Amino acid sequence: MWRSFIFTLSAFYFVLAPWSPASGESLNARTVVLNRTIAFTAPDGTPVVAAHGPYRLDPAGANQLRMTSTRGPESLLVQAKTISHPMKLAEPIAVASQDVGTTFRVALLLPDGRGLEAVGTTEVVQR
């Protein structure tokens with residue numbers, strides 16, 4: 001329970017704090033800002049890479065999150081797991097957090113106490 005709470009609070013500090021909306025872009029509750037390139041896993045198990053920048057998170061079926069860039073046409077479908085959280089929410093809220101090491105998490109917390117979390121890495125493999 002506390003892990004979810006700390007995860008949510010850390011998202012605002014680590015992800016939103018360093019971002020400046022100087023370009024005129026606006027954030028909303030479903031938006032996370034990636035401050036670096038993150039590699040996630042697609043539903044079919046292949047790697048998918050999200051460039052740095054703002055993304056809107058939306059549920060996209062069972063255990064999947066859609067990450068849509070707010071700067072252009074990029075839309076990624078990533079594997080996610082169902083999580084629970086203790087917060088009472090009026091609308092979905094997107095959060096992101098860098099763990100210790102190279103692990104990076106994005107999550108969409110839903111009003112019903114559930115959510116979807118995708119885990120990625122800052123170690124992007126070049127092919």
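Some notes on this structure:
- Ascending count of other beta-carbon atoms within 10 Å, so fewest first, for Val119, Val32: Val119, Val32
- Calculated from backbone phi, Karplus (6.51, -1.76, 1.60) coupling profile of the range 31-36 in Hz, x at Gly/Pro: 10, 10, 10, 8, 8, 7
- Per-residue ³J(HN,Hα) for the range 68-85, Karplus 6.51 cos²θ - 1.76 cosθ + 1.60, θ = phi - 60°, Hz, x for Gly and Pro: 10, 5, 8, 9, x, x, 4, 9, 10, 10, 10, 5, 9, 10, 6, 10, 10, 9
- Sorting the Cα pairs of the range 57-126 by distance into bins of 5 Å, from 0 upward, gives 4, 17, 23, 24, 19, 9, 3, 1, 0 percent per bin.
- Annotation: peptides 34-41, 50-57, 98-105, ranked by per-residue average of other Cβ atoms within 10 Å with the highest first, follow the order 50-57, 34-41, 98-105.
- Going from the residue with the fewest nearby Cβ atoms within 10 Å to the one with the most, Met67, Met87 rank Met87, Met67.
Each value in this text was obtained by applying a stated rule to the coordinates, not by laboratory testing. Computed from a predicted model, the values in this text were never measured in an experiment. Neighbour counts are summed over all protein chains in view; Cβ atoms, including those assigned to glycine, are modelled from backbone coordinates with ideal geometry.
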